[in-house]
Amino acid sequence: MAKRTVQTLLEMKREGRKISQVTCYDYSTMRLVEQCGIDSVLVGDSLGMTMQGYENTLPVTMDEMIIYARSVARAAREAFVIADMPFMSYQVSAEQAVANAGRLIKETGANAVKLEGGASVTEQIRAIVSSGIPVCAHVGMTPQSVNALGGFKVQGKGEEAAEKVLKDALAVQEAGAFMCVLECVPPKLASLITSKVEMVTIGIGAGAGCDGQVLVWQDLAAVTTDFKPKFTKHFGQVGEALKACFRAYNGEVKAGTFPAEEHSYVRSDCSDEYLEELNRRY
Ligand code: KIV
């Protein structure tokens, strides 16, 4: 697979080819993702929950995003890497947004940035795009507004709410976004938006009518099993497989069967006789 770019992702939309995206937060996992034909990765601020154990994404800082995004970008050869702008790194002003988007691109090697919000952040999107940085927008359920929304809830259910989500999507496209995440939006509304816009739509809890889909990798691999959102699916049981490895290791260490001879470095430049002499001397 060739390196995915803004242009090839838009071409995929035009040709009706679906786009796959997963979240990723570290180098080792990204090495695996790269071997599976995934088109794009999002270093999402969901890392506040999946990697840092917070209740929501609000505490994540720019410096933390940079550390995670940098390790993912270092492993990415072909997938298109998007780095999330954390809460309060762009809301204050267009100048703040450009400065922080610039840091994310310059200090991590990501290909684009993502920020949440519709009509209310068009000034920021316009300014970031003008500085040469591709923007992925995010409308519908926007987790950074969890306190304003009163929880993680489906958005755009009623007629007025549906019109707001559509207007938000049109506004971010007009401001220059090339891609937009539609989160927890009713499927028919997400399909309507997808057919009306030229930018790529990436759905999460928004039905199959979007141009592509994104899932948090720990959710799709069943690494985190304490809570399973309705929109996710377990495509494997990695959590169980990992637990089996940890249990087996624990058992062998305690039984003294690991390491075996083949797991040790055998060096011939120190003879058994010399070791015996050391034993005598000390
Ligand atoms: O932060 C994130 O990972 C996200 C996706 C779940 C869309 O915003």
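Quick notes
- Taking the listed residues 70, 17, the one that is basic (Lys, Arg) and either free of Cβ contacts under 8 Å to residues at least 12 places away in the same chain or not assigned by TED's automatic domain parsing to the domain that holds residue 178 (or both) is 17, with no other qualifying.
- Candidates 251, 239, 203, filtered to the one that is closer than 30 Å to residue 5 by Cα, small (Gly, Ala, Ser) and out of contact with any Phe, Trp or Tyr (no Cβ under 7 Å at 6 or more places or on another chain): 203
- Looking across the range 65-103, the residues that are out of contact with any Ser or Thr (no Cβ under 6 Å at 6 or more places or on another chain), more than 13 Å from the ligand (Cβ to nearest atom) and assigned to a helix (DSSP H, G or I) come down to 67, 71, 74, 75, 94, 95, 96, 97, 99, 101, 102, 103.
- Within the range 1-44, the set of residues being surrounded by 15 or more Cβ atoms within 10 Å (Cβ to Cβ), of a type outside the set (Phe, Trp, Tyr) and assigned to a loop (DSSP other than H, G, I, E, B) comprises 4, 24, 26, 38, 39, 44.
- Summed over the range 127-163, the residues that are away from the ligand (no atom under 16 Å from the Cβ), open to solvent by 60 Å² or more (accessible area, probe 1.4 Å) and at pLDDT below 95 give a count of 5.
- Contact map, the range 224-237: first residue farther than 17 Å from residue 55 by Cβ, second residue open to solvent by less than 100 Å² (accessible area, probe 1.4 Å), Cβ cut-off under 6 Å, separation 6 or more or different chains; pairs are 225/239; 231/205; 232/215; 232/219; 234/222; 235/220; 236/221; 237/222.
- Filter result (in a helix (DSSP H, G or I) and of a type in the set (Gly, Ala, Ser)) within the range 246-282: 248, 251, 255
- Note on the range 89-126: residues that are β-branched (Val, Ile, Thr) and open to solvent by 50 Å² or more (accessible area, probe 1.4 Å) total 1.
Quick grid of which residues meet (1) surrounded by 10 or more Cβ atoms within 10 Å (Cβ to Cβ); (2) outside the structural domain of residue 23 (by TED's automatic domain parsing); (3) touching a Pro at 6+ places or on another chain (Cβ under 7 Å):
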| position | (1), (2), (3) |
| --- | --- |
| 232 | yes, no, no |
| 251 | yes, yes, no |
| 256 | no, yes, no |
| 260 | no, yes, no |
| 263 | no, yes, no |
| 276 | yes, yes, no |
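- Residue 107 part of a helix (DSSP H, G or I), more than 16 Å from the ligand (Cβ to nearest atom) and more than 21 Å from the chain's Cα centre (by Cα): no
- Output for the range 55-65, where each listed residue is surrounded by fewer than 20 Cβ atoms within 10 Å (Cβ to Cβ) and at pLDDT 95 or above: 58, 59, 61, 62, 63, 64
The values are calculated or read from the model by the stated rules, or taken from the named source; none is laboratory data. Predicted model only: the values in this text are computed from it and were never measured. Here Cβ is always computed from backbone atoms with ideal geometry, including for glycine, and neighbour counts include all displayed protein chains. Just so you know, the surface numbers come from the protein's heavy atoms only, side chains and all, with ligands and any DNA or RNA stripped out. Shrake-Rupley method; radii C 1.70, N 1.55, O 1.52, S 1.80 Å.
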